[in-house]
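The structure appears below as structure tokens.
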Amino acid sequence: MSTLLKLKKVNLKYQTGNKAIKVLRDIDLETKAQETISIVGESGSGKTSLIMLIAGLEKASSGNIFFEGEDISTMSEDAVSDIRRRKIGIIFQSFYLIPNYTALENVALTLELNRLPQPITQAKHLLERFGLKHRLHNLPSQLSGGEQQRVAIARAIAMKPSLILADEPTGNLDSENSKMIANILFQYAKEEGSSLMMVTHDKQLAKQAKRSIQIQDGKII
């Protein structure tokens, strides 16, 4: 399979006064197309920072990040934003749904912004696929945590991204909803040929991925 993502000697540090705080250190990582990967490690080890770098929401202090052969670490913010909008789906622990939009409107908005045809029809199809046919016109406040996360996933994958990044997607859910969300993500990645990278503390969830990466003190060990 072809290489989808490649990180070469990537470092991330923050400057606080005269002190430099090293968050990620010399990260080398390669992901193939259609690969599923779990990222595990203690809190504060750098897992979320790694996801943010790959998504282009953080800028590496040094090193290079290649996505589909292009070095996004040297691109402008606008260029990276364009790639992220079209090709990378991001799912967070907190759902970040627009509170005054219905489930259907939250998903359709992504399609509308990307000028895809029939955004409402496509959004409806996705939500029905995830078992939310009866919740299309509900606001986020009227949905359970598991339902909100399913809406958030539908929004993240609406553009059929080649890479799905999930940061603790089951962190705010009970065990039953956690299993449902995990099944949705892995099944979707398999059916659509997307790569999935998931940060998780859940050992059972981590085992479902084909490959597991452990991070400790900002390094892949």
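Here is a yes/no grid of residues against (1) in a loop (DSSP other than H, G, I, E, B); (2) touching a helix residue (DSSP H, G or I) at 6+ places or on another chain (Cβ under 7 Å); (3) of a type in the set (D, E, K, R); (4) farther than 25 Å from Leu126 by Cα:
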| residue | (1), (2), (3), (4) |
| --- | --- |
| Gly171 | yes, no, no, no |
| Phe186 | no, no, no, no |
| Ala189 | no, no, no, no |
| Leu205 | no, yes, no, no |
| Ala209 | yes, no, no, no |
| Gln214 | no, no, no, yes |
Counting only residues that are without any contact (Cβ under 8 Å) to a residue 24 or more places away in the chain and under 23 Å from Ser43 (Cα atoms), how many does segment 175-197 have? 2
Which of the following residues is among the charged types (D, E, K, R) and closer than 30 Å to Ser45 by Cα: Arg135, Arg129, Arg155, Arg115? Arg155
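How many residues are closer than 17 Å to Arg85 by Cβ and crowded, with 16+ Cβ neighbours inside 10 Å when one looks only at segment 127-164? Explain how you work it out, then say what you get.
First pass over segment 127-164, keeping only residues closer than 17 Å to Arg85 by Cβ: 152-164.
Among the residues that remain, those that are also crowded, with 16+ Cβ neighbours inside 10 Å are: 152-159, 161-164.
Number of matching residues: 12.
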Can you name the residue in segment 10-42 that is of a type in the set (Ser, Thr, Tyr) and free of Cβ contacts under 8 Å to residues at least 12 places away in the same chain and is also farthest from Ala209 (Cα to Cα) among such residues? Thr16
Could you list, in sequence order, the residues of segment 13-27 that are touching a strand residue (DSSP E or B) at 6+ places or on another chain (Cβ under 6 Å) and at pLDDT below 95? Lys13, Tyr14, Ala20, Ile21, Lys22, Val23
Pull up segment 191-203, narrow it to residues that are acidic (Asp, Glu) and assigned to a helix (DSSP H, G or I), then point me to the one that is surrounded by the fewest Cβ atoms within 10 Å (Cβ to Cβ). Glu191
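The values are calculated or read from the model by the stated rules, or taken from the named source; none is laboratory data. If you're wondering where the values come from, they're calculated on a predicted model, not measured in any experiment. FYI the Cβ positions are ideal-geometry reconstructions off the backbone, even for glycines, and counts take in every protein chain you see.
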